[in-house]
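Report on the following structure.
The values are calculated or read from the model by the stated rules, or taken from the named source; none is laboratory data. Predicted model, so just to flag it, every value in this text is computed and none were measured. In this analysis, Cβ positions are derived from the backbone assuming ideal geometry, glycine residues included, and neighbour counts consider all displayed protein chains. Just so you know, the surface numbers come from the protein's heavy atoms only, side chains and all, with ligands and any DNA or RNA stripped out. Shrake-Rupley method; radii C 1.70, N 1.55, O 1.52, S 1.80 Å.
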Amino acid sequence: MLVLTATVIVTLVALVLAERDMKSVIGDQQYSLLSSIAAQVDAQIEARKVLLASMADTIPANAASDPAAMQAFVDRHPVARKQFLNLHIFNREGMLLHTEGDHTSTTRPPNPRAREFFERAMAAGKPVVSLPYKSEITGLPSIMILHPVRDAQGKVAMLFGGSIDLSNTGFLDQIALQKPGQTGYLFIMTREGILLHHPDATRLLTHINARPGYNRATEMALDGFEGWVEATNKDGSDGIYSYKHLASTGWIIGARFPVDEAFAPMIAMRQHALLAAAIFAAVAGLLAWLLIQVLLRPLDRLHRHIGDIRSGSADISVLQRRRRDEIGGLSIAFHELMAEREKAQEAIRDNESLISNILERAPDAFVSCENTGIVTMWNRAAERIFGWSGEEAIGRDIAELIIPPDQRDAHRTGMTRFAQGGKGPMINARVRVTALHRDGREIPVELSIGSLRHGGAYYATAFLHDITERVEYEQKIAASEARFKQLARIDTLTGIANRLVFEEVLQQAILRSRRHRKPLALAYLDIDYFKEINDTQGHGAGDVVLREFAARLVASVRASDTVARLAGDEFVIVFEQVANAAEANRLAAKIVEAVRSPFMLDDEQRKVTTSMGVALHEGDDETCGELVARADSALYAAKRNGRDGYVVGD
């Protein structure tokens with residue numbers, strides 16, 4: 001098939017190239033012939049112009065008005081009578097004298113269009129060739145050549161002309177005799193497309209596009225094209241078209257040579273060549289096939305040996321045949337490759353066994369599962385930690401084994417995301433989670449999950465470390481730290497009392513107030529715009545402000561009063577033995593004023609203010625929490641008043 005295809009393709013390419021060259025030769029020959037015919041037509045028109053010019057020089061002056069004088073003049077020029085269908089004289093008065101056979105008659109121009117043409121020709125004062133027209137005598141296409149006749153003063157006195165029948169004279173005999181081939185033909189049309197000569201006489205003096213359809217070659221010629229081109233006519237027949245423009249009149253001489261006739265020898269040769277190529281290719285292909293069968297016999301034997309090795313009926317030693325050709329070299333190469341493959345497979349099996357033993361004896365639980373959650377590996381540590389044996393765990397959903405019930409929906413959602421791309425928030429991360437033991441108790445574990453792609457699917461691998469002892473130890477440490485914080489009574493940043501001391505002092509102060517019937521006031525205050533200080537100057541500057549603020553509060557109260565920091569920039573002051581609201585106002589005003597002095601931050605002064613709410617203890621029924629709430633409410637009232645001030649609550 002390869003030989004046949006190659007032979008046919010080469011033959012077709014050669015034929016196409018030959019046809020193209022032949023087409024070019026035919027087109028060039030046809031255009032050369034057409035150029036010769038055009039030169040002959042131009043020469044005939046020029047010869048008739050010269051003949052008219054020689055007669056115009058000898059025409060008598062009275063010939064334009066005397067038919068007898070006109071007839072006598074024509075009779076003296078028998079050669080002109082043979083070259084022209086009729087001879088004419090057109091004078092200034094609009095009279096037309098013309099010869100018809102052996103007599104001369106006088107008429108006026110037959111129609112306004114003809115008269116307009118004569119008048120333009122007389123005004124031009126030089127020889128002209130008329131547009132084609134239908135002869136009133138023959139009814140066939142004709143033209144008229146007009147030559148000016150001048151008087152003694154050099155003015156145009158008359159026009160002397162001769163009409164030429166384009167069909168019934170020898171004017172175009174050369175065209176009819178030199179048509180291309182048997183079915184080809186020549187034709188002439190004006191540059192506007194009016195047919196002057198055509199084998200179909202019914203189309204004469206009609207436009208070449210009067211018939212419906214489109215011919216690319218015709219349109220090219222009307223646009224000025226000269227040369228040859230292959231095109232399809234309006235009947236759908238292919239042909240070689242040649243065009244040449246006449247220098248004397250601008251007419252277009254065209255020739256059509258049908259492709260079927262032009263390439264008839266080539267078409268016959270193409271069929272013979274294809275048949276011969278097919279026969280040659282069939283014979284060559286058969287011989288090549290037989291030769292290939294002989295050459296491929298050792299390769300077929302090698303193929304059978306490899307099949308036997310794959311099925312297990314033979315080992316790789318059958319490949320060690322010592323042939324001194326390419327097949328022998330290929331057989332040895334296969335033997336070496338398969339030997340290396342068996343060695344590599346043995347090494348892989350050893351590595352897999354080693355890795356399996358390492359994972360099986362690992363101190364931490366190792367679990368692997370498919371992206372659906374089905375367990376594929378479960379080592380001894382997993383058996384010890386979770387209570388399930390390997391036989392029980394492998395093949396089951398891991399969610400049913402060690403995932404707590406309240407976490408299984410989230411686990412399955414994560415596995416679905418993992419199956420789509422092997423990714424997830426817990427992949428390649430170490431996290432602390434809670435796992436489920438077989439007996440139902442929960443075990444804290446440290447989990448490390450990895451992603452493995454194998455066979456086009458993703459597998460999850462996980463190491464789980466039991467951290468029960470670590471969690472118990474951390475809980476003991478946390479409890480110790482918590483006890484140390486019930487015991488701490490001093491705010492580490494400012495050095496004043498903390499919330500614990502404040503709660504004890506307030507409770508004892510209220511008890512003393514009730515016992516001794518002496519009044520008590522509680523002030524709740526914070527630093528105005530403290531967050532802005534932290535955000536713009538940093539937490540270090542904020543700590544400086546807190547320490548200085550606490551120091552100013554301590555310096556502004558009495559020895560019997562207690563200043564404490566609750567949290568952040570929230571401070572409280574317990575005023576004992578306050579006589580009335582007026583004294584509470586005085587104490588609050590003193591503190592607000594003490595805070596207004598500028599603070600030094602990074603060697604720069606900064607204005608710091610405070611807002612304060614003060615509540616007076618109302619009697620035996622008010623608790624500590626209620627008193628703190630009223631002081632806090634008064635603080636917010638001071639903030640609503642514009643900050644940097646205080647409000648003593650009712």
Exercise. Got a sec? Which of 631, 638 is touching a Ser or Thr at 6+ places or on another chain (Cβ under 8 Å), open to solvent by less than 20 Å² (accessible area, probe 1.4 Å) and over 22 Å from residue 490 (Cα atoms)?
Worked result: 638
For this session: For region 66-80, state whether one or more residues are open to solvent by 30 Å² or more (accessible area, probe 1.4 Å) and touching a strand residue (DSSP E or B) at 6+ places or on another chain (Cβ under 6 Å).
Result: yes
Problem set entry | Residue match in region 341-360 (condition: within 30 Å of residue 463 (Cβ to Cβ) and either touching a residue at least 40 places away in the same chain (Cβ under 8 Å) or surrounded by 17 or more Cβ atoms within 10 Å (Cβ to Cβ) (or both)) | yes
Exercise. Could we say that residue 37 is surrounded by 14 or more Cβ atoms within 10 Å (Cβ to Cβ), assigned to a helix (DSSP H, G or I), of a type in the set (Val, Ile, Thr) and touching a helix residue (DSSP H, G or I) at 6+ places or on another chain (Cβ under 7 Å) here?
Worked result: yes
For this session: Those residues that are among the β-branched types (Val, Ile, Thr) and either in contact with a Pro (Cβ under 6 Å, 6 or more places away or on another chain) or surrounded by 11 or more Cβ atoms within 10 Å (Cβ to Cβ) (or both), I need them from region 450-479; list them, please.
Result: 461, 467, 468, 471
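Regarding region 243-257, can at least one residue be identified that is of a type in the set (Val, Ile, Thr), modelled with pLDDT of 90 or more and in contact with a strand residue (DSSP E or B) (Cβ under 7 Å, 6 or more places away or on another chain)?
Looking through region 243-257, at least one residue is of a type in the set (Val, Ile, Thr), modelled with pLDDT of 90 or more and in contact with a strand residue (DSSP E or B) (Cβ under 7 Å, 6 or more places away or on another chain).
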Problem set entry | Considering residues of region 67-94 that are touching a helix residue (DSSP H, G or I) at 6+ places or on another chain (Cβ under 8 Å) and in a strand (DSSP E or B) only, the residue modelled with the lowest pLDDT | 91
Problem set entry | Filter pass, residue 474 being under 56 Å from the mean Cα position of the chain (by Cα) and on the phi < 0 side of the Ramachandran plot | no
For this session: With a cut-off of at least 1 residues that are surrounded by fewer than 18 Cβ atoms within 10 Å (Cβ to Cβ), name the strands (runs of 3 or more DSSP E) lying wholly within region 182-265.
Result: 227-232, 238-245
Problem set entry | Long-range neighbours under 7 Å by Cβ, at least six apart or interchain, first residue on the phi < 0 side of the Ramachandran plot within region 390-415, second of a type in the set (D, E, K, R) and open to solvent by 80 Å² or more (accessible area, probe 1.4 Å) | 399/412; 404/442
